[in-house]
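To keep things clear, I will list the structure first and then write my remarks on it.
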Amino acid sequence: MNNYVTDAINLKSYNLSESDKIIVMYSKEKGLIKGIAKGVKKTKSKLGARMDSLVANTVMLHKGKTFNTICQADSINTFKQTRSDLDKIFYSMYIAEVVNNFGLEDDPSSESVYNLLYQALNYISKAQNKVEILLTVIKFQLKMMKECGLALEFDSCLNCRHESKDEAVYFVPDLGGIVCSDCANIMPYSKKQMPAKLCEFFKQMSKNNFDVSGDFERKANEKVCNVTFEVLKSYIEKKSPKKIKSSEVLLQISV
Ligand SMILES: [Zn+2]
């Protein structure tokens, strides 16, 4: 059989012709995949809105020589509450783009990346306020980097390995972790000073699942979340094989 079935989340799409589109998806079984959605731009299309970005479907694909064709799609989750909220849309687009940039075809860890993406989109859609959206995105950033073998280090100074007793430490995006103030002076990389307490917040966020909320998390306000998000975003941008465009949009809407 030249057909296969998988759960997949639509990350983005390209126009192929007047009626067809190419859909880029992240699938549970095969990682990053692409498929042609024939006739999707026509009003009577049987695939229709299920091919919109940020929708999770069970899809059946027909393997072609160069491209796969999407024969059938049954929606699993449209993350409905995201679709009427600008913040939710943009942060969901951001995480979809991160998965598109770091995701691999035939990824052996596709199931855990898929679950991570699905859960993040689901928790964003259900969030009650901006802080809840940001906490979900931050956890996604930390967990996604770990999945890619790029886990961040907040336990001790990356240079001298001592646990810092300083009030403030320095985050070094090139290294993906913190250094103490002594080592910061001799570091040739760009760095950002941050309070040691913020480190504790990072540590807690790395450990906790989406449905668990720790002390620091419960106390976090929008400002702390924004700073944390930006720190992680700068690291992810440094490591990303392709430019992340949706974060430019984020910048525009947050001004
Ligand atoms: Zn040090």
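For every other residue with a beta carbon closer than 12 angstrom to the beta carbon of residue 193, add +1 if it is Lys or Arg and -1 if Asp or Glu, then tell me the sum. Numbers along the way, then the final one.
On the way: positive: 191, 192; negative: 166, 167.
Local charge sum for residue 193: 0.
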- Item | Sites matching trypsin sites (Lys or Arg not before Pro) across the stretch 127-227 that sit in DSSP coil, with at most 14 neighbouring C-beta atoms within 10 Å | 161, 165
- Message: Let me spell out the model: positive unit charges on the Cβ of Lys and Arg, negative unit charges on the Cβ of Asp and Glu, origin at the Cα centre of the chain. What dipole size does that give, in debye rounded to 20?
- Response: 940 debye
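Can you give the extra length, in nm with one decimal, that the chain gains between residue 245 and residue 160 once fully stretched, where that is 0.36 nm per residue apart less the Cα-Cα distance? Mind showing how you got there, number by number?
Working: separation 85, 0.36 × 85 = 30.60 nm, distance 3.56 nm.
Here the segment from residue 245 to residue 160 would lengthen by 27.0 nm.
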- For the chain, what proportion of DSSP beta bridges, expressed in % and rounded to the nearest 5, is antiparallel? 90 percent
- Message: Under 8 Å for C-alpha pairs, at least 6 residues apart: give me the relative contact order for the chain, rounded to a whole percent.
- Response: 16 percent
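Applying 1/(1 + (r/R0)^6) with R0 = 45 Å to the Cβ-Cβ distance of residue 189 and residue 14, what FRET efficiency is obtained, to the nearest 0.05? Spell out each step's value before the answer.
Values: r = 37 Å, r/R0 = 0.81.
With a Förster radius of 45 Å, E is 0.80.
Find me the longest stretch of the chain that has none of the exposed GluC sites (Glu not before Pro), where exposed means in a DSSP loop (not H, G, I, E or B) with at most 14 other Cβ atoms within 10 Å. It would help to have the intermediate numbers written out before the result.
On the way: sites that count: 18, 163, 167.
Longest gap between qualifying sites, sites excluded: 19-162.
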- Query: Distance in nm between label sites at residue 222 and residue 43, each 7 Å beyond Cα in the beta-carbon direction?
  - Reply: 4.1 nm
- Task: Kindly give the semi-axes, whole Å and largest first, of the ellipsoid equivalent to the chain, taking each as the square root of 5 times a Cα gyration tensor eigenvalue.
- Result: 37, 19, 15
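No value in this document is a laboratory result; all are computed from the given coordinates. Quick caveat, the model's predicted, so the values are computed rather than measured. FYI the Cβ positions are ideal-geometry reconstructions off the backbone, even for glycines, and counts take in every protein chain you see.
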